[in-house]
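Peer 1: So that we are looking at the same thing, I have put the structure below in structure tokens.
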Amino acid sequence: MSKPRVILTRKWPEGAEARAKELFDVVINEDDHKMTVEELKRAMCDADALCPTVSDFQIDSEIFNVENRKCKIVANFGVGYNNIDTDAAKEVGVVVTNTPDVLTDCTADIAMVLLLSVSRRIGEGERLVRSKAWTGWCPTHMLSTKVTGKKLGFIGFGRIAQAVAQKAHFGFGMEVSFYDPYPPSDEIVKKFSAKKFDTLEDVLKDSDYVTLHCPGGGDNINLMNKERFALMKKSAFLINTARGDVVDETALVQALKDKVIAGAGLDVYAKEPVVTEELLNMQNVVLIPHLGSATTETRVAMGLRSLENVEAFFNGKEPGDRVA
Ligand code: DGY
């Protein structure tokens, strides 16, 4: 029997591409270009499975409804799947999967990196040293904000948020609170001695750091807007490792300029790879390029997980990470 044909929309790390070649008749994006909508449509007709990712054009109704579509499963490389219109997938009966779990710790690490960096002015300090403008230690130089023991509020308290809580609560003695419309078990709440708030606004008012862990798209677009920034403490920091569209970047810029909040650490942006120009010139923000899952171990594991879903599907089994 011939192997299913699988198209990877972007280049994958070596270990994951090697496994794809073992399992399938795989088409690799050798020059790692962003596939056009036309290419994605052709891929839907050419392949039995498509493995897209966050930086692709959205796999939307137009792409799912392409004439002579052959593709039966879209196995995302990534836990967030707002790059796929799952309603459109359901309408045409295409299965969609994602890659949870394998990136939890590395993404949580990056949330902590941002929290610590923005709070302790690490970006600024590094720029100072590199520019050779540092004139030496003195008692008042680059004073920043202590992290240990402070209040960390979570918007969304799923797997990645809980991994951040693990590091922040047990490593840095931080007090944990959260708002999540789908709250975790009481056991988990107890584990972190967490405060469960009934509204997002309560978290914003209470926290020294607010970290976002909700899905992007839909109702969450611009969840953090002008009114909500105004509820945060003036001394508070915003951390975003979720999706850029959850934050109204214009409102964030204004809140930073007007000192409504103290700073922000961002891994994700509304229009990646474009970053609002004004943010680039602010000292009290730490800006990194969507690095949450970017370790070799995790990116290989994401590829393997995506392939496991495709393999299960073509072996007539329910893929473990089915989201549509
Ligand atoms: C994820 O998996 O959602 C990461 O943000 C990369 O897409």
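The values are calculated or read from the model by the stated rules, or taken from the named source; none is laboratory data. Worth saying up front: this structure is predicted, and the values here are computed from it rather than measured. Glycine also receives a Cβ, built like all others from the backbone with ideal geometry; neighbour counts cover every protein chain displayed. The protein model used for the area step is the full one, side chains on, heavy atoms only, and it has no ligands, DNA or RNA in it. Shrake-Rupley method; radii C 1.70, N 1.55, O 1.52, S 1.80 Å.
Peer 1: Among the lysines in region 173-311, how many pairs, 8 or more places apart or on different chains, have alpha carbons under 21 Å apart?
Peer 2: Pairs that pass both the separation and distance tests number 18.
Peer 1: May I pose another question? Just the number, please: Stokes-Einstein D of the chain in µm²/s, Kirkwood Rh from C-alpha pairs, 10 °C, 1.306 mPa s.
Peer 2: D, rounded to a whole number, is 76 µm²/s.
Peer 1: What does DSSP give for region 170-291 in terms of the percent of beta bridges that are antiparallel, rounded to the nearest 5?
Peer 2: 5 percent
Peer 1: How far apart, in nanometres, would the label points at ASP25 and LYS196 be if each is projected 7 angstrom from Cα along the Cα-to-Cβ direction?
Peer 2: Here the answer is 5.1 nm between the modelled labels.
Peer 1: So which lysines can LYS21 reach, going by Cα to Cα under 30 Å and dropping same-chain residues fewer than 8 places off?
Peer 2: Candidates past the 8-residue exclusion: LYS3, LYS11, LYS34, LYS41, LYS70, LYS72, LYS90, LYS317.
Peer 1: Applying 1/(1 + (r/R0)^6) with R0 = 56 Å to the Cβ-Cβ distance of VAL274 and CYS138, what FRET efficiency is obtained, to the nearest 0.05?
Peer 2: Computed FRET efficiency for VAL274 and CYS138: 0.90.
Peer 1: Which residues among region 158-181 fall inside the zone where the amide N is under 17 Å from a point 7 Å beyond the Cα of ARG120, along Cα→Cβ?
Peer 2: 167-174
Peer 1: Please give, to one decimal in nm, the separation of the simple spin-label points placed at VAL129 and ASN65, each 7 Å out from Cα toward the Cβ.
Peer 2: 5.6 nm
Peer 1: In Å, what Rg and Dmax follow from the Cα atoms of region 104-287?
Peer 2: That works out to 16.1, 52 Å for Rg and Dmax.
Peer 1: Specify the residue with the greatest mean-square fluctuation among THR86, THR53, THR140, computed from a Gaussian network of the chain linking alpha-carbon atoms under 10 Å apart.
Peer 2: Most flexible of the set in this elastic network: THR140.
Peer 1: Starting from 0.36 nm per residue, how many nanometres of slack lie between ALA294 and LYS90 once their C-alpha separation is accounted for?
Peer 2: The ALA294-LYS90 span can extend by a further 70.4 nm.
Peer 1: Using a 1.4 angstrom probe, figure out how much accessible area region 104-287 has per residue, in square angstrom, rounded to the nearest whole.
Peer 2: For region 104-287, the solvent-accessible area averages 51 Å² per residue.
Peer 1: List the aspartates and glutamates whose Cα lies under 17 Å from the Cα of LYS167, skipping any in the same chain that are fewer than 8 positions away.
Peer 2: Result set, ordered by chain and number: ASP101, ASP105, ASP109, GLU175, ASP208.
Peer 1: Now, a different point. To the nearest 500 deg cm²/dmol, what mean residue ellipticity at 222 nm is calculated for the chain from DSSP H runs of n ≥ 4 alone, each contributing -39,500 (n - 2.57), summed and divided by the residues?
Peer 2: Working: 13 runs with 121 residues, N = 324.
The per-residue figure over the chain is -10500 deg cm²/dmol.
Peer 1: Translational D (Stokes-Einstein, µm²/s) of region 198-239 at 37 °C and 0.692 mPa s when Rh comes from the Kirkwood sum over C-alpha pairs?
Peer 2: On the way: Rh = 10.8 Å.
Stokes-Einstein gives a translational diffusion coefficient of 304 µm²/s.
Peer 1: Whenever you get a sec, compute what percent of the accessible area on region 104-287 sits on carbon and sulfur atoms (1.4 Å probe).
Peer 2: The nonpolar share, carbon plus sulfur, comes to 54 percent.
Peer 1: Ok, one more. Mean-square fluctuation check for the chain, GNM, Cα pairs under 10 Å: which of ARG130, ARG159, ARG120 is largest?
Peer 2: In the Gaussian network model the winner is ARG130.
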